[in-house]
Amino acid sequence: MNNQSFPQGQNPTGYSMGITGIPQGGHSQQGQKIGAHELLMAHEVLSGMTNGINSFELYQPHITDSQLLGIWENQLRFMQSSYQNIVNYLHNRGGNQAIPYRTPRPVNPMYGLRNPSPQHPNNNMNQIDDRDVASGMMGCAKSAALQCTWAALECADPNLRNLLAGCAQSAINRAYELFQYMNQKGMYQVPTLADNTTNTMIQSYQAPSTMPMQ
C-alpha cells in the first residue's frame, strides 16, 4: 500500500497509529462497553473499507492522467487512515478527532451532452482506462458513504458515531471530487431536460400556505 506522508497541513487524521487486541466479553481493553449492533455495523464498515483500499491498489497500474493519479494518492492515503482510526478506537487507542477529507474546490459543473463516447464493459484488463478507474473510485466512495451513514444512524457510542459520520461526509467529498474531475474531462456528462419541462417540474412545488395564528 501507498504509505507516503501528507504534506504539511494535509495530514488526514489526528489519531495515533497503534494497534492492540480486543478481549472477549463486549468490552474494549479499558472496560468500555460496545453494543452488538454497532460492533457488527463497524465490522461491515471496516470490511467495506478494506475492499475499497484493495480495489484502489488494483486501479493504480491503469492510471495515465497525472491529475487522476494525484486524486488516487490523496484518497488512498485518507482511506488507509480512516480505516486505522476506527480500528484504533475499537482497540481503545483513539486520540484527537479525525480531520475530514478536504472539501472539493467550487467548480461550475458543465451541463448537457457533448458527444459522449459509447460505454461498454471491457473485454480484458488491458482495456481499463482513466475513465474506468475514476468511475470505480467513485463507486468505492459512494458505497462508503452509504455504509458509514447507515452505521452511524443508531450507534450507541457517541464517539464512534462521530467517527462514522465523519467518514460518511468524507466519502461524500471524495465522490464529488471525482465527479468534478470526470465532468471537466467529459467522462461524466450531465444531461438536462427541456426548459419548459424543467420549469414545470420546479413550479409544481410551492411553499406551504401561511398557517393562521391561534
* In the range 89-137, residue farthest from A42 (Cα to Cα) [restricted to those that are without any contact (Cβ under 8 Å) to a residue 60 or more places away in the chain and surrounded by 14 or more Cβ atoms within 10 Å (Cβ to Cβ)] -> R131
* Asked: Are there any pairs, at least 6 apart or on different chains, whose C-beta atoms fall under 6 Å, with the first in the range 138-154 and of a type in the set (D, E, K, R) and the second buried (at least 17 other Cβ atoms within 10 Å of the Cβ), and if so, which?
  -> K142/A175
* Asked: Considering the range 15-61 alone, what residues qualify as being over 20 Å from A152 (Cβ atoms), polar (S, T, N, Q) and at pLDDT 70 or above?
  -> N54, S55, Q60
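Can you tell me which residue among I63, I86 is more than 18 Å from the chain's Cα centre (by Cα) and buried (at least 18 other Cβ atoms within 10 Å of the Cβ)?
Details: I86 fails: more than 18 Å from the chain's Cα centre (by Cα).
Criteria check complete, one pass: I63.
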* Number of the condition not met by Y101 [criteria: (1) modelled with pLDDT under 95; (2) over 14 Å from the mean Cα position of the chain (by Cα)] -> (2)
* Structure fact -> In the range 170-214, residues that are exposed (fewer than 14 other Cβ atoms within 10 Å of the Cβ), touching a residue at least 24 places away in the same chain (Cβ under 8 Å) and either among the charged types (D, E, K, R) or not in a loop (DSSP other than H, G, I, E, B) (or both) total 1
* Any chance the range 81-89 includes a residue that's modelled with pLDDT of 65 or more, under 23 Å from W150 (Cβ atoms) and either in a loop (DSSP other than H, G, I, E, B) or among the aromatic types (F, W, Y) (or both)? -> yes
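The values are calculated or read from the model by the stated rules, or taken from the named source; none is laboratory data. Nothing here was measured: the structure is a model prediction, and the numbers come from that model. Virtual Cβ from ideal backbone geometry, glycine too; neighbours counted across all protein chains shown.
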